Amino acid sequence: MKSRVTMRDIAKELKVSVVTVSKALNGKDGVSESLRTLIKGQAEKMKYVYNSLPHSMLTGRNCNIGILISVKYLGESSFYWVFFQKLLIALKQRKYLGILELVTEEDEANHTIPAFMEANKVDGFIVLGQLSDSYLSMLILQNPCCVFLDFYSEIGACDCVAANNVLASYKLTKLLIDRGHTKIGFIGTTSATTSILDRYLGFCKALLELGLPRGEPIADRDNRGYFYPEIELDLGTYTAYVCNNDQLAGKVIQQLRRQGLRIPEDISIAGFDNADNLITGGVDVTSVEINISGMCESAVNAVLQRIENDLYKPQGILWIDAQVIEKQSVIPLQVDCS
């Protein structure tokens with residue numbers, strides 16, 4: 001296996017000294033701008049990986065970003081693991097490292113300071129997934145260089161990066177209506193997160209525009225955010241359901257099948273996250289694909305601007321558009337003509 005490219009390799013390629021390469025890559029004096037540009041270009045061409053220690057010494061920073069996620073959002077198939085991976089990639093491109101810390105229910109209730117903050121290991125942090133306002137307030141008092149990802153809040157005047165869930169849910173519900181469904185239910189506890197509430201609002205907007213009936217959202221979790229083992233479905237009312245995520249859609253599909261119903265012949269199902277059908281009971285679920293890479297890039301850019309620019313002012317909420325992906329779980333409503 002080929003070893004990692006070193007400054008010595010770059011120096012040998014350009015026939016200059018290792019000291020010259022080091023000065024050029026670390027922004028030190030003693031190298032002309034033309035030679036510095038040449039060395040940096042060669043380093044990029046050879047895929048040289050910068051040593052984080054000299055960079056941190058040069059900037060006076062840890063070059064670490066904390067990533068906080070509540071344990072209640074994580075599961076075997078949670079798409080927040082994908083978010084975490086994309087964050088690490090975006091941070092690495094900026095020569096920063098990501099440090100993950102999970103937040104328990106007790107941590108939130110007791111306002112426990114994350115270990116990476118107590119040890120002063122991070123320059124800033126990203127909160128992935130909604131936490132309580134009181135806990136967020138405590139965190140920002142510890143370090144104001146913070147970005148909220150996949151939710152929004154006015155706590156601490158932080159930048160927020162979120163999918164445009166209202167518009168995405170509106171389009172998803174319109175697709176169901178276009179397929180002949182006029183009795184559509186929404187499954188998701190709207191008090192749990194801003195994302196679920198926004199998805200319900202987009203759902204309602206699509207129905208209201210056409211004067212179609214809309215029922216109360218069907219809860220999928222309790223007030224602490226923990227999921228119910230069974231969803232209270234109203235099978236006599238709806239011909240289609242919009243689920244607030246694909247993991248929930250898979251759970252609903254399994255529940256409907258246990259009651260002898262077929263998807264999509266008897267009931268159409270739509271969700272969010274564009275997950276693999278291994279998560280959705282073998283059914284390719286019509287869904288909304290969230291631009292995770294774009295959201296993570298934006299979150300990293302925002303937190304680093306806050307860290308690196310003393311004059312930077314938070315910009316508020318950055319909405320990232322999402323795309324509806326039609327699959328086999330939605331078909332035109334079958335009208336009984338007998």
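No value in this document is a laboratory result; all are computed from the given coordinates. What you see is a predicted model; the values in this text were computed from it and never measured. Cβ atoms come from the backbone with ideal geometry, glycine included; neighbour counts cover every protein chain shown.
The table below gives the values:
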{"read-out": "Relative exposure of Lys72, Lys171, judged by other C-beta atoms within 10 Å (fewest first)", "value": "Lys171, Lys72"}
{"read-out": "Gain on full stretching of the segment that runs from Ile317 to Val5 - 0.36 nm per residue minus C-alpha separation", "value": "108.3 nm"}
{"read-out": "Interchain or long-range residues, amide H under 5 Å from Ala163's placed H", "value": "Asp150, Ile320"}
{"read-out": "Calculated FRET value between Gln334 and Val82, using beta carbons and R₀ = 41 Å, to 0.05", "value": "0.70"}
{"read-out": "Val71 versus Leu278: modelled label distance in nm, points set 7 Å from Cα along the beta carbon direction", "value": "2.5"}
{"read-out": "At R0 = 22 Å, FRET efficiency that the Cβ-Cβ distance of Thr37 and Ser293 yields, to 0.05", "value": "0.15"}
{"read-out": "Computed [θ] at 222 nm, deg cm²/dmol, the chain (DSSP H ≥ 4; -39,500 (n - 2.57); rounded to nearest 500)", "value": "-11500 deg cm²/dmol"}
{"read-out": "Simple label model, 7 Å out from Cα along Cβ direction - Leu208 to Glu106, nm", "value": "4.4"}
{"read-out": "(i) 29, 25, 24; (ii) 47, 23, 17; (iii) 32, 21, 19, with the label sought being that of the calculated semi-axes √(5λ) of the Cα gyration tensor in Å", "value": "(ii)"}
{"read-out": "Flagged links, alpha-carbon separation over 27 Å, of Lys28/Lys92; Lys72/Lys183; Lys174/Lys251; Lys205/Lys313; Lys12/Lys47; Lys23/Lys95", "value": "Lys72/Lys183; Lys205/Lys313"}
{"read-out": "Amide H contacts of Phe272 (H built 1.01 Å from N, under 5 Å, at least 5 apart or other chain)", "value": "Asn245, Asp246, Val288"}
{"read-out": "J(HN,Hα) series, the stretch 78-89, from Karplus relation 6.51 cos²θ - 1.76 cosθ + 1.60, nearest Hz, glycine and proline x", "value": "5, 6, 5, 5, 5, 4, 4, 4, 5, 5, 4, 5"}
{"read-out": "Spin-label pair Ser134/Thr237, simplified geometry with 7 Å Cα→Cβ offset, distance in nm", "value": "3.4"}
